[in-house]
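What follows is a short report on a single structure.
The values are calculated or read from the model by the stated rules, or taken from the named source; none is laboratory data. Please read these numbers as outputs of a predicted model, since none were measured by experiment. FYI the Cβ positions are ideal-geometry reconstructions off the backbone, even for glycines, and counts take in every protein chain you see. The protein model used for the area step is the full one, side chains on, heavy atoms only, and it has no ligands, DNA or RNA in it. Shrake-Rupley method; radii C 1.70, N 1.55, O 1.52, S 1.80 Å.
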Amino acid sequence: MTMPMLYGGAALCLLMSLDAVSARAQDRQNSAPITQENDPSADADGRNDTQRVAESYQPRGIEMGKFLLFPAIEMDASWTNNVFATADDTKSDRFIRVTPSMRLRSRFTRHELNLYGELEKFAFDRYTNDDRLNGTVMADGKLDIEKGWEATGSISYVDRAEDRGSPDVTQGLHPANTYTLSGQAGTRLQQGRMLYQAGLSISEIDIANAMRANGQIIDNSGRDRTEYEATGRIGYEIFPNYYALAEGAVNSRDYDKAIPGTNFKRSSDGYRLESGVGIDVTDLIRGDFLVGYMAQNYDDPRFSDPSGFSFRARFNWTPSRLTVIAPSLERTVQETVRTGSSGIVRTAAGLTVRHEFARNFVGTFIGNVAYENYEASSDNSWSYDARLRGIYALTREFYVGGEMRYRQRDTDSGISSYKQTTLMFRVGARY
């Protein structure tokens with residue numbers, strides 16, 4: 001499975017957090033806060049959709065001194081036409097997802113501290129071998145050192161079954177569990193026209209073994225690794241609301257051992273150097289566009305080292321207080337365990353459109369397309385993902401929602417290609 005890269009500095013590198021107080025902000029007090037979308041790729045599963053309805057439909061929480069506790073539970077009833085994400089002999093099934101969660105949010109005059117915990121149970125009707133229990137615990141916070149200077153940090157542990165549609169998935173009898181322990185720390189300093197940001201992230205990724213239907217063990221120990229990344233950014237406000245930016249990042253991806261049965265050393269070190277512009281025109285448009293150069297150098301001399309042109313663009317355009325349009329574009333190097341291939345140069349484009357149809361009804365479209373170029377391999381792939389989702393708050397405490405999703409993956413060889421359609425209905429309760 002190609003793990004999503006956990007860039008600790010990503011949340012710190014966006015200029016969207018620059019505070020802007022305007023008359024339009026007052027107009028939005030009784031409207032859904034959909035214009036606060038910072039990252040168009042964030043929350044693709046819609047876990048925070050209920051937070052985008054109007055304030056009068058938000059939960060009150062349980063007062064606990066300087067904190068508010070928000071308990072919640074969701075249940076999804078879904079159907080998919082391709083449970084195992086295969087090209088042929090597709091299997092359809094119904095399944096239920098039940099997700100109890102708790103969020104503890106601070107109410108300090110200064111600083112922030114938040115805790116979150118979630119369990120996620122999947123139960124299938126026919127193919128019960130895909131039943132699973134996922135879990136997430138997370139803590140994050142912000143320290144306001146002085147005016148214009150803050151430090152942030154987070155730590156999380158995620159136990160999640162491997163997605164059947166992932167590029168490097170091992171199609172075992174049961175989905176393999178993936179355990180990820182991550183920590184991030186960063187700081188942001190605004191001095192006059194200058195903006196300084198830095199971040200550090202560390203992630204320990206362990207993938208459990210799987211088993212085939214014939215009882216054969218699939219040894220995934222060669223995919224276990226630790227990933228490090230440090231980022232730094234400097235910005236200069238060349239004129240109001242427009243910044244010149246320069247950013248650099250270095251990373252290290254250290255594998256515990258070689259893939260069983262091979263002697264390839266997949267550990268590597270890389271860097272990225274980019275510059276561009278950032279825009280923060282109140283609530284109209286926010287975001288940045290960076291271009292530069294990237295390279296990833298592998299320990300094993302038999303591997304080719306991907307390098308070349310890099311770019312990242314993420315924008316929020318708010319044509320009205322009811323709508324946000326967030327396009328994104330990115331070129332990165334990601335991990336793979338495909339034999340003979342060192343890494344994947346992935347070029348991806350995305351679009352999120354969110355609209356408030358009513359104060360208690362928000363609709364969202366999310367579309368993504370990506371080209372994955374496997375180094376030293378001719379079996380490259382295109383992947384497509386489209387979601388159409390709505391959330392309707394009945395009261396502060398109860399809501400319903402639904403989603404239609406289509407995924408497709410096309411490889412040159414046809415291996416690992418698939419098409420998948422999923423329909424979902426959601427009910428939820430919170431306080």
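Condition check for Q184 on (1) in contact (Cβ under 8 Å) with a residue 60 or more places away in the chain; (2) over 20 Å from the mean Cα position of the chain (by Cα); (3) closer than 30 Å to I234 by Cβ: one failure, at (2). Evaluating G340 against the criteria (1) modelled with pLDDT of 90 or more; (2) open to solvent by less than 50 Å² (accessible area, probe 1.4 Å) leaves one unmet condition, (1).
Determine whether R321 is more than 30 Å from T170 (Cβ to Cβ), within 18 Å of the chain's Cα centre (by Cα), open to solvent by 30 Å² or more (accessible area, probe 1.4 Å) and modelled with pLDDT under 95. No, not satisfied. Would you confirm, using the coordinates I've provided, whether D140 is without any contact (Cβ under 8 Å) to a residue 40 or more places away in the chain and surrounded by 15 or more Cβ atoms within 10 Å (Cβ to Cβ)? Yes.
Regarding the stretch 396-410, can at least one residue be identified that is open to solvent by 30 Å² or more (accessible area, probe 1.4 Å), among the β-branched types (V, I, T) and out of contact with any Gly (no Cβ under 9 Å at 6 or more places or on another chain)?
Narrowing the stretch 396-410 to residues open to solvent by 30 Å² or more (accessible area, probe 1.4 Å): 396-398, 400, 404-406, 408, 410.
Adding the requirement that they be among the β-branched types (V, I, T) leaves 400.
Next cut, out of contact with any Gly (no Cβ under 9 Å at 6 or more places or on another chain) only: none.
No, because not a single residue in the stretch 396-410 is open to solvent by 30 Å² or more (accessible area, probe 1.4 Å), among the β-branched types (V, I, T) and out of contact with any Gly (no Cβ under 9 Å at 6 or more places or on another chain).
Identification of strands (runs of 3 or more DSSP E) wholly contained in the stretch 43-130 with 1 or more residues that are at pLDDT 95 or above, in contact with a strand residue (DSSP E or B) (Cβ under 9 Å, 6 or more places away or on another chain) and surrounded by 15 or more Cβ atoms within 10 Å (Cβ to Cβ) yields 67-80, 93-106, 112-124. Keeping to the stretch 349-366, report how many residues are in contact with a Ser or Thr (Cβ under 8 Å, 6 or more places away or on another chain) and assigned to a strand (DSSP E or B). Here the count works out to 11.
Among the residues of the stretch 40-74, write down those that are basic (K, R) and closer than 25 Å to T352 by Cβ. Walk me through how you get there before you give the answer.
Start the filter on the stretch 40-74 by keeping residues that are basic (K, R), which leaves 47, 52, 60, 66.
Of everything in the stretch 40-74, those that are basic (K, R) and closer than 25 Å to T352 by Cβ turn out to be R47, R52.
Out of A370, A393, A358, A386, which single residue is without any contact (Cβ under 8 Å) to a residue 60 or more places away in the chain and open to solvent by less than 20 Å² (accessible area, probe 1.4 Å)? Explain how you work it out, then say what you get.
Numbers: A393 fails: without any contact (Cβ under 8 Å) to a residue 60 or more places away in the chain; A358 fails: open to solvent by less than 20 Å² (accessible area, probe 1.4 Å); A386 fails: open to solvent by less than 20 Å² (accessible area, probe 1.4 Å).
The match here is A370.
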